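The values are calculated or read from the model by the stated rules, or taken from the named source; none is laboratory data. These figures come from a predicted structure and were not determined experimentally. No Cβ is skipped: glycine too gets one built from the backbone with ideal geometry, and neighbour counts run over all protein chains shown.
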Amino acid sequence: MSFLTLKGVRKSFGPQTVVHDFDLEIARGEFVTFLGPSGCGKTTLLRMVAGFETPTAGTIAIDGRDVTHLPPNARKVGMVFQAYALFPNMTVADNVAFGLKVAGRPKSEIRTRVEEMLALIKLGHLGARYPYQLSGGQQQRVALARALAVRPQVLLLDEPLSALDAKIRLSLRQEIRDLQRKLGITAIFVTHDQEEALSVSDRIVVLNEGRAEQIGTPFDIYNHPRTRFAASFIGTLSLLEGEAAGGNRMRVEGQEIAVPAEAHPAGRPLTLALRPEALSLAPSPARTNRLEGTIEDVDFLGSVVRMRVRLGQTTLLMDNFNDPSTPPPERGAKVALHFAPGDGQILDAPLAA
Ligand code: ATP
């Protein structure tokens with residue numbers, strides 16, 4: 001059952017369409033991330049859910065209620081922005097109380113709720129401080145408490161971590177996720193950071209130029225990217241350009257390999273995406289699905305050894321776990337690589353004829 005539904009949502013600014021007929025169904029309690037490069041329309045989509053922008057076409061519904069044309073304060077959404085956006089002249093407690101005061105809640109209820117919220121973000125002792133007396137991470141937790149205090153149905157997070165330094169970013173993203181789970185609140189999180197998206201989301205929407213390129217779990221998106229864009233935007237990978245050689249075989253750089261199961265008409269150009277960890281050095285006697293190349297570079301990273309392998313015009317990256325008993329091959333060594341056919345992914349494949 002969908003709790004938050006976007007149907008055919010489009011947004012144009014003058015002649016420029018920045019979100020194209022976008023469909024998405026989000027379940028109650030789900031944590032969904034909009035991931036994409038700058039300008040792909042993530043914030044515009046979020047602002048339409050919040051009510052700060054009106055769609056040019058399409059509808060948005062929350063819990064079965066059409067909210068497309070409702071103002072933000074009638075939607076029961078809470079929003080956290082990139083810049084903390086706290087009221088600088090109000091204490092932490094007054095910031096958290098703000099939405100409740102606007103809604104005219106009784107004083108005793110406001111006091112209890114503010115205490116509850118500050119305890120939830122572990123800042124119970126800082127209620128009397130002003131925002132400038134807090135660290136960036138603490139300010140962002142207050143912003144989160146302020147958004148949650150009015151008990152919204154949906155929590156919208158617009159790059160809430162991007163102004164923080166790396167260490168705080170890591171701990172706060174986990175804190176946000178724990179809190180979201182604890183409260184069971186439906187959340188949309190916007191980021192351009194793929195690692196952040198992979199780590200916190202139930203599902204990721206990969207956006208490119210105002211369109212969803214792919215929607216799926218982090219596991220799906222990482223292991224089975226469907227388009228060149230989704231593949232290259234997330235993680236590291238190598239692309240092998242070649243052509244179908246009948247059945248599930250592909251010819252690349254004069255060698256033949258097996259690729260994921262679908263049959264492609266012989267001669268059709270194919271692009272195979274391989275993650276570095278999908279490749280290993282083929283043991284001898286070599287397994288069947290092998291590619292021969294030359295080691296161009298070896299980067300010893302500790303637990304992992306990353307190797308760059310040249311096959312004709314193509315370079316492949318391969319990550320192997322460090323094996324203390326076997327030093328990695330040297331630059332210039334001829335090697336055979338192996339991968340399981342199911343670990344590769346054919347990109348942008350036209351439907352088989
Ligand atoms: P970023 O990560 O840089 O914030 P984004 O993916 O959130 O990018 P949006 O802010 O949604 O992207 O912007 C998408 C496109 O819409 C951009 O080309 C932007 O210039 C344009 N745009 C956004 N708001 C307006 C506006 N009010 N008027 C005109 N164009 C706009």
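Among the conditions (1) of a type in the set (Lys, Arg); (2) buried (at least 16 other Cβ atoms within 10 Å of the Cβ); (3) over 24 Å from Ser171 (Cα atoms), the only one that Arg146 does not satisfy is (3). In the stretch 56-70, the qualifying residues are those that are surrounded by fewer than 22 Cβ atoms within 10 Å (Cβ to Cβ) and touching a residue at least 40 places away in the same chain (Cβ under 8 Å), and the one that is farthest from the ligand (Cβ to nearest atom) is Asp63.
Of everything in the stretch 109-136, what is surrounded by fewer than 14 Cβ atoms within 10 Å (Cβ to Cβ) and part of a loop (DSSP other than H, G, I, E, B)? Give them in sequence order. Correct list: Lys122, Ala128, Ser135. When you scan the stretch 81-89, do you find a residue that is more than 16 Å from the ligand (Cβ to nearest atom), in contact with an Asp or Glu (Cβ under 8 Å, 6 or more places away or on another chain) and more than 30 Å from Gly127 (Cα to Cα), even just one? No, the stretch 81-89 contains no residue that is more than 16 Å from the ligand (Cβ to nearest atom), in contact with an Asp or Glu (Cβ under 8 Å, 6 or more places away or on another chain) and more than 30 Å from Gly127 (Cα to Cα). Taken over the stretch 213-222, the criterion of being closer than 16 Å to Ile346 by Cα and either among the hydrophobic types (A, V, I, L, M, F, W, C) or surrounded by fewer than 16 Cβ atoms within 10 Å (Cβ to Cβ) (or both) is satisfied by Asp220, Ile221.
Checking the structure you have, find out if any residue of the stretch 218-234 is modelled with pLDDT of 90 or more, more than 27 Å from Arg251 (Cα to Cα) and either outside any helix (DSSP H, G or I) or of a type outside the set (Asp, Glu) (or both). Yes, the conditions are met somewhere in the stretch 218-234. Surrounded by fewer than 15 Cβ atoms within 10 Å (Cβ to Cβ) and assigned to a strand (DSSP E or B) - does that describe any residue in the stretch 264-272? Yes, the stretch 264-272 contains at least one residue that is surrounded by fewer than 15 Cβ atoms within 10 Å (Cβ to Cβ) and assigned to a strand (DSSP E or B).
Counting only residues that are outside any helix (DSSP H, G or I) and either among the small types (Gly, Ala, Ser) or surrounded by fewer than 16 Cβ atoms within 10 Å (Cβ to Cβ) (or both), the stretch 71-80 holds 2 of them. Residues that are within 32 Å of the chain's Cα centre (by Cα), in contact (Cβ under 8 Å) with a residue 24 or more places away in the chain and outside any strand (DSSP E or B) within the stretch 314-339 comprise just one, Phe339. Leu240 - would you say it is in a strand (DSSP E or B) and in contact with a His (Cβ under 7 Å, 6 or more places away or on another chain)? For Leu240, the condition - in a strand (DSSP E or B) and in contact with a His (Cβ under 7 Å, 6 or more places away or on another chain) - is not met.
Close Cβ contacts (under 8 Å, 6 or more residues apart or on different chains) running from residues in the stretch 19-40 that are small (Gly, Ala, Ser) to residues that are away from the ligand (no atom under 16 Å from the Cβ) and part of a strand (DSSP E or B) comprise Ala27/Ser2; Ala27/Phe3; Ala27/Thr186; Gly29/Phe3; Gly29/Thr186. Would you confirm, using the coordinates I've provided, whether Leu164 is of a type outside the set (Phe, Trp, Tyr), under 16 Å from Ser135 (Cα atoms) and surrounded by 15 or more Cβ atoms within 10 Å (Cβ to Cβ)? The answer is yes for Leu164. Taking residues in the stretch 102-123 that are assigned by TED's automatic domain parsing to the domain that holds Ala145, and partners anywhere that are surrounded by fewer than 15 Cβ atoms within 10 Å (Cβ to Cβ) and polar (S, T, N, Q), not one pair has Cβ atoms closer than 7 Å while being at least 6 places apart or on different chains.
Taking the criterion of being away from the ligand (no atom under 16 Å from the Cβ) and surrounded by 21 or more Cβ atoms within 10 Å (Cβ to Cβ), the residues of the stretch 173-206 that qualify are Arg173, Ile176, Gln180, Thr186, Ala187, Val200, Ser201.
Taking the criterion of being more than 10 Å from the ligand (Cβ to nearest atom) and of a type in the set (Gly, Ala, Ser), the residues of the stretch 7-45 that qualify are Gly8, Ala27, Gly29.
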